[in-house]
Each structure stands twice: as structure tokens, then as C-alpha cells.
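Beneath this line is the structure, given in C-alpha cells, with notes to follow.
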Amino acid sequence: MSSFRWNGSGEIPPNFDLTALGWQRVEAGETADLCITLVYVGESEPCSIDRVSRATLEDRRAMLICGVPSSSARRKFLNLSVGDVVGPNIEISELEARARRLLNFDAWVPRLCQAGDLELDLLTRKVTIGTKPLDLHPREFAILWRLAETPHRPVSRQSIIETGWKHGYCSETNSFAVHLSRLRSKLRFAGFADVVERVGDGYRLAI
């Protein structure tokens, strides 16, 4: 059964109460397999943004932020990589459609990527080699994830940048080169020397 947690003060407004459409409400501390979190913001936008930003990336992906009055405020929440954001006057049928989209997140975006002994987790942004973690900067992770999607096949520099940099370009002159160099160094230290190869104007993961 589809379920949700309510994170807000007071009663659930009728247009956010998914129990009316057969959903199960899960209380704090309870576990459920198919569950999202409805975070009601209302007029407490600054406080809520700070609270949401402290949650883990995995938790933020499962959040549907409700009642955000302005497009600029909704943009701030989306920049935190939450699952979705809606205004105060959304109809419950649309809310449910957006909620079901979050439940199906794992079906249309793969969470894990395996390349040899490397395992990458997209939600937590963690890389492990066997059971040993590899600590990467978010952009280093983005480069490795893009290369691991198609190991042994070249990926253009621009395609990698579109994955790891906002708006698809590097504002810093040598930002890409710096993060690529650091990624190679960390992989070499972990026993994977020379696995990121230059091929023409792109790169490939030779693993």
C-alpha cells in the first residue's frame, strides 16, 4: 500500500490529505516500504529551507514540499534536490500524481551503478570498493558516475560537464581539470591507477 508521512503542524489540509484517496499515513518512527514525506511549509519558508537542507540527500529525494506560495521559494527548495514542490492551492488529484511519481523514482533513475569492483550509489553519492568507502567531492562523483554508466566507451568532456555542473558549463577556468585530477589521484591511491583514460576530446573508464 502507498503511504506517506506528514511533516507539518496542525491538521492536514484537505487538499494534502492523501488518506482520502486510499493512502496510509505512517507516523514518525514507523517504517514502510513505499513511503514519501509530505513537508508542509506554509508561511515558514526560511525556517523550513534550513530544516530541509539538514536532511540527507536520500531523505530529500523522498520529500514532497507542500504549500510553498511563490515560484522563487519553490525554486529554492528544488535547488536542495527535493523530490518535488507544490503550491498551496494544488488539487489533491494532482498531488497524488506527483506523489506516485516519487514512489516510482527508483524505477526511472537507477540508484546503483557497478563498474568492476566500484559500486556507486546515486542517492547517497557514495562510492565503495568492496566494503571500503571512497570519499569523493560531488563533482568528482559526477564525473565517475557518468564514466561508469558506459565503461570502456568514450564520453565527451561536454557530456561529463552537463552531468556535474549546473547549466552545463564550468564557470571556473580549470574547474573540470582540477576535479578530474583529484578523482584520478583518489582512484590511484585506492589501487585503480590509470583507469580514467583520455580518448580524443573525451574520457573513458577502463575498468
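For first residues located in segment 120-141 and within 23 Å of ILE161 (Cβ to Cβ), partners that are surrounded by 13 or more Cβ atoms within 10 Å (Cβ to Cβ) and of a type in the set (Val, Ile, Thr) and lie 6+ apart or on another chain with Cβ distances below 7 Å form the pairs LEU120/VAL127; LEU134/VAL127; LEU134/THR128; LEU136/VAL127; PHE141/VAL127. Screening the candidates GLY42, GLY67, GLY87 for the property of being out of contact with any Asp or Glu (no Cβ under 9 Å at 6 or more places or on another chain) and in contact (Cβ under 8 Å) with a residue 40 or more places away in the chain yields one hit, GLY42. Scanning segment 1-25 for residues that are in contact (Cβ under 8 Å) with a residue 12 or more places away in the chain and either out of contact with any Phe, Trp or Tyr (no Cβ under 9 Å at 6 or more places or on another chain) or surrounded by fewer than 17 Cβ atoms within 10 Å (Cβ to Cβ) (or both) returns MET1, ARG5, SER9, PRO13, PRO14, ASN15, ALA20, LEU21, GLY22, GLN24, ARG25. Going through (1) under 17 Å from ARG101 (Cβ atoms); (2) assigned to a loop (DSSP other than H, G, I, E, B) one by one, ILE65 falls short only on (2).
Only the coordinates and a few stated rules stand behind these numbers; no lab work does. Since this is a predicted model, take the numbers as computed values, not measurements. Cβ atoms come from the backbone with ideal geometry, glycine included; neighbour counts cover every protein chain shown.
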